[in-house]
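To start, the structure itself, in structure tokens.
The values are calculated or read from the model by the stated rules, or taken from the named source; none is laboratory data. All of these numbers come straight from a predicted model, not from anything done at the bench. For neighbour counting, all protein chains shown are included, and Cβ atoms are generated from backbone atoms with ideal geometry for every residue, glycine included.
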Amino acid sequence: MEEECNKSISELSTDEDEVEPKFKYCRMTNHLQKIVNEDAISCVNVASRFMCVGTLWGRIYLLDHQGNEVETSTSFPNHMISINHISVDSKGEFIASCSDDGMIHINGLYTNDSNLHLNLGVAIKFIELDPDHYKSGSGRKFILGDNRLTLFEKSFLKSLKSSILSESEGEVAAIKWNNNFVAWASSNLGVRVYDLNERCSLGLLKWEEPTDGKLSDYRCNLMWCNSTTLLIGWVDTIRICVIRKRNSVEVSTRNVPGFIVDPISSFKTDFILCGLAPMESISSNQLVVLGYTKLSSGGRPNRPVLCALEYKSNDYTEICIDTLSIKGYENYTHLDYHLDYLAEENQYFIVSPKDIVVASLYEADDRVQWLIEHGNLERRNAIRETWLNLRPRIINNSFYNNEVILLPGKDTNGRVGIDSVETQRLLLQKYKEWLLLETKNIKVGDYKVKHYFAIATKNLDSITRKSVQDEQSVFNDLLLIPDLVDSYENLTDKLLKSLFVIETQIDYNYLFKSDDDTYVKLDILSQDLLDYHQALLSTGYQNNWGLYWGYFNGRAQIKNTGKWKETSYNLCDSYLPYALGGCRELVL
């Protein structure tokens, strides 16, 4: 896959060599290639744990984010013709699809009890699941779009009832559900936001008709950045809107809804819009836009472009733009491209009938590597000193004498080799010599930094146990947990038991927990902690109230079934430490 990614970067990005790129690209392969060889993609929904691919032949495939088929006991019914739209609830437990064949299918990945298959007898363009559809008491709500917007929900008697929320001027052109707000577009008029709590529309954002056709000739692209910020891209115009509560003056003067849709930015672009998404954070006023260059007089199809831009109230500044080599672009129009967004990974999925390309933002280590390759060492050093999260694979390519990076060796089978006590003693001596250099990463002052490696020792064989004891007798840097087996399944308990041992047996001011592959500038961290401690004392606090700062990566949800099943986890599935999901850095 890495080889395909590297190949795709050179194929896809057409920026000048000396312009630092914003994105890296990877063409999705694996099982997806088999799908597009036999069929064509009609729609995609990218969820946090998987992606759903709908095809022209009416089939649904469940893939991971690399294009591999995901094994599931769920059987997805086929539609008779092309799938128009796929929706997934916020937990990734229910998948819904619709088509011009008049059928809608809602299937659960973990239960069949709430599966639903309806033949409505009319072409259904959009289906949108309630983000809370997975909750048993939610009413299992969903919204359909044809020539009207209709809400379906189950009553307390489990019967399905429908409510028409609005008639549409033309067909429904898009639906996006976010908490109690539903943004939707009518193909001949514009975009509305419907408040499900107040059961009313918050108003109409009328869209200007294009000069070379009708609104219905273009796809309306909707994206919620957060609970109140809506991105709209239609034809060549982008609007950013905020849903806000009306102030007391606005509410008291007339009978109006409690919320209002406020457009905070509106501007035209130089291309037809095929999709848009936030870039890292909406607070930065930066967007990622998939566009299709307007046809020249010859009328030949153009390649799509991926553009990073920064918007103002009525204008925008282009940060970078890449022209993409999508397979079969010669046969496509703007309606054949779609952009989906995986917020957890800052990844953008560029979808066409026979190809999916994944664009990822350049991270610090990618930028450093690019600058090294292009001979810009001054900027490389500036970034290296500014960013503290450089990956070891890049840092280890550096030959600066003020960096000490030790890589473990590997045995003949390719496994990481275990250093002998004597080898560790030599490495420690090198480390002590490095500490005496003028330039170093750990300051030696009136305070002490002590490190420990936590190891659970229950059920260790005699040889391994002796090796651990020998290492402890020399370095005294192991935190041994005798009543626990060291295994992946026990990582949560290992973390909690480690914290308990340190809290009850070691006198300390601050504790820093990290993975063994984490690169940390301890001089900066230690100095910040010291400054924090001094600030506490200066305010008159007699006791240290403590400090909590942490980075918890919650991308992986707790699994209740399958290979990674965990029946005994701590706290909950959204706030961690949940060690199997990845507790990275922690200061206490």
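Quick grid of which residues meet (1) of a type in the set (A, V, I, L, M); (2) in a helix (DSSP H, G or I); (3) out of contact with any helix residue (DSSP H, G or I) (no Cβ under 8 Å at 6 or more places or on another chain); (4) at pLDDT 85 or above:
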| site | (1), (2), (3), (4) |
| --- | --- |
| 442 | yes, no, no, no |
| 446 | no, no, yes, no |
| 454 | yes, no, no, yes |
| 465 | no, yes, yes, yes |
| 469 | no, yes, yes, yes |
| 492 | no, yes, no, no |
| 496 | yes, yes, yes, yes |
| 500 | no, yes, yes, yes |
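Restricting 322, 262, 336, 340 to those that are farther than 27 Å from residue 66 by Cα and of a type in the set (Asp, Glu) reduces the list to 262.
Each row is one residue, and each column tells you yes or no for (1) farther than 20 Å from residue 172 by Cα; (2) assigned by TED's automatic domain parsing to the domain that holds residue 348; (3) surrounded by 21 or more Cβ atoms within 10 Å (Cβ to Cβ); (4) among the aromatic types (Phe, Trp, Tyr).
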position	(1), (2), (3), (4)
51	yes, no, yes, no
59	yes, no, no, no
63	yes, no, yes, no
75	yes, no, no, no
86	no, no, yes, no
94	yes, no, yes, yes
97	no, no, yes, no
108	yes, no, no, no
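Does residue 340 meet the test of being touching a residue at least 40 places away in the same chain (Cβ under 8 Å), of a type outside the set (A, V, I, L, M, F, W, C) and not in a helix (DSSP H, G or I)?
yes
For the range 34-49, how many residues are in a helix (DSSP H, G or I) and surrounded by 18 or more Cβ atoms within 10 Å (Cβ to Cβ)? Residues meeting the conditions: 2.
Only residues that are within 21 Å of residue 20 (Cβ to Cβ) and modelled with pLDDT of 90 or more were counted in the range 351-372, giving 4.
Spot the failing condition for residue 182; the list is (1) at pLDDT below 90; (2) part of a strand (DSSP E or B), and only one is missed. For residue 182, the failing item is (1).
When you check residue 344 against the structure, is it exposed (fewer than 14 other Cβ atoms within 10 Å of the Cβ), of a type outside the set (A, V, I, L, M) and at negative phi, yes or no? Before the answer, list the steps.
On the way: exposed (fewer than 14 other Cβ atoms within 10 Å of the Cβ): yes; of a type outside the set (A, V, I, L, M): yes; at negative phi: yes.
When the stated conditions are applied, residue 344 passes them.
Quick grid of which residues meet (1) of a type in the set (Val, Ile, Thr); (2) at pLDDT below 95; (3) closer than 30 Å to residue 331 by Cβ:
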residue: 45; (1), (2), (3): no, no, yes
residue: 49; (1), (2), (3): no, yes, no
residue: 72; (1), (2), (3): yes, yes, no
residue: 113; (1), (2), (3): no, yes, no
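Restricting the range 207-232 to residues that are among the charged types (D, E, K, R) and assigned to a loop (DSSP other than H, G, I, E, B) leaves a set whose member that is nearest to the chain's Cα centre (by Cα) is 219.
Using the structure shown, decide if residue 204 is surrounded by fewer than 21 Cβ atoms within 10 Å (Cβ to Cβ) and assigned to a strand (DSSP E or B). Taking the combined requirement at face value, the residue satisfies it. Exactly one residue among 233, 291 is free of Cβ contacts under 8 Å to residues at least 24 places away in the same chain, closer than 26 Å to residue 326 by Cβ and of a type outside the set (Phe, Trp, Tyr), and that residue is 291.
Inclusion of residue 313 among residues that are farther than 17 Å from residue 230 by Cα and assigned to a loop (DSSP other than H, G, I, E, B) is not warranted.
From 116, 157, which residue is over 17 Å from residue 201 (Cβ atoms) and without any contact (Cβ under 8 Å) to a residue 12 or more places away in the chain? So the residue among 116, 157 that is over 17 Å from residue 201 (Cβ atoms) and without any contact (Cβ under 8 Å) to a residue 12 or more places away in the chain is 157.
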